[in-house]
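Colleague: I have a structure I would like to understand better, so I am pasting it below and will then ask my questions one at a time.
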Amino acid sequence: MLSKSIQEALNAQVAMEATSSQAYLAMASWAEIQPGLDGVTEFFYQQSNEERMHMLKLIRYVNERGGFAMVPALPQPIITFTSLQKVFEEFLKHEVQVSESINQLVGMALDERDFATHNFLQWYVSEQIEEERLARTLNDKLELVGDDKSGIYLFDRDIMIHRNAIGGGK
Ligand code: OFO
């Protein structure tokens with residue numbers, strides 16, 4: 001059985017994963033209407049699906065442990081961006097926040113000696129290492145490319161290769 005405080009914290013994480021999913025969906029939609037960003041579009045549609053899966057995993061865990069997972073109301077995410085760089089800066093910012101939140105949850109599970117939740121959260125800990133690494137790699141590449149159109153072309157062409165290489169897609 002989950003304690004009230006752990007249940008609340010897990011529900012807050014549900015909201016965070018749902019917020020990530022919406023944020024990446026908005027990025028996908030923005031990218032889709034830009035000329036030539038097919039790779040980036042696909043990347044964010046897949047990221048969005050992945051975040052939804054992270055949310056579902058939490059929902060099912062909370063309910064399985066005798067709690068009640070509450071589907072949250074969500075604010076509208078950022079829907080337009082002034083550059084591709086801005087999109088990826090937001091992506092990294094988001095992932096760093098999610099990692100911090102997971103770390104806090106892990107600490108809380110330990111404090112409360114809720115070892116089942118602590119164990120459950122280890123999957124998220126590893127996932128966040130990969131997601132942050134992916135976001136940083138992509139930001140570094142974009143910084144190198146700057147405004148160079150052929151660089152952006154290659155970035156878009158290769159983005160799914162980087163995603164698969166770093167281990168995204170869970
Ligand atoms: Fe849910 O993994 Fe990133 O945010």
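Colleague: For every helix of n ≥ 4 consecutive DSSP H residues, a contribution of -39,500 (n - 2.57) applies; sum these over the chain, divide by its total residues, and give [θ] at 222 nm rounded to the nearest 500 deg cm²/dmol.
Modeller: -28000 deg cm²/dmol
Colleague: Counting only protein heavy atoms and using a 1.4 Å probe, what share of the accessible area of the chain belongs to carbon plus sulfur, as a whole percent?
Modeller: Within the chain, the accessible surface is 55 percent carbon and sulfur.
Colleague: Per residue, what volume in Å³ does the Cα convex hull of the range 12-170 take up?
Modeller: So the per-residue hull volume is 98 Å³.
Colleague: Using only Cα atoms, tell me the angle between helix 149-166 and the longest principal axis of the chain; keep it within 0 to 90° and round to the nearest 10.
Modeller: Long axis of 149-166 versus the principal axis of the chain: about 30 degrees.
Colleague: So, for the chain, what is the accessible surface per residue at a probe of 1.4 Å, expressed in square angstrom?
Modeller: Accessible surface, normalised per residue, equals 53 Å².
Colleague: Can you list the GluC sites (Glu not before Pro) in the range 17-111 that are in a DSSP coil and have 10 or fewer other beta carbons within 10 angstrom?
Modeller: Of the GluC sites (Glu not before Pro), not one in the loops of the range 17-111 has a Cβ with at most 10 other Cβ atoms within 10 Å.
Colleague: Here's something else I'd like to know. Given Cβ point charges of +1 (Lys, Arg) and -1 (Asp, Glu) and nothing else, what value in debye, to the nearest 20, does the dipole of the chain about its Cα centre take?
Modeller: Dipole about the Cα centre, nearest 20: 360 debye.
Colleague: Another question about this same structure. Using the Karplus curve 6.51 cos²θ - 1.76 cosθ + 1.60 with θ = phi - 60°, work out ³J(HN,Hα) for each residue of the range 91-102 in order, rounded to whole Hz, and write x for Gly and Pro.
Modeller: Result, rounded to whole Hz: 4, 5, 4, 4, 5, 5, 4, 4, 4, 4, 5, 4.
Colleague: Follow-up. Can you tell me the 0 to 90 degree angle between the C-alpha axis of helix 38-64 and the longest principal axis of the chain, rounded to 10?
Modeller: 0 degrees
Colleague: Springs between alpha-carbon pairs under 10 angstrom, Gaussian network model over the chain: which of Leu56, Leu142, Leu74 fluctuates most?
Modeller: Leu74
Colleague: Continuing with the same structure: Provide the net charge surrounding Asn139, with neighbours chosen by a C-beta distance below 12 Å and charges set as Lys +1, Arg +1, Asp -1, Glu -1.
Modeller: My count for the surroundings of Asn139 gives -1.
The values are calculated or read from the model by the stated rules, or taken from the named source; none is laboratory data. The structure displayed is predicted, hence computed values, not measured ones. When we count neighbours, we look across all protein chains shown, and the Cβ atoms used for this are built from the backbone with ideal geometry, even at glycine. Side chains are part of the model used for accessible areas, which takes the heavy atoms of the whole protein and leaves out ligands, DNA and RNA. Shrake-Rupley method; radii C 1.70, N 1.55, O 1.52, S 1.80 Å.
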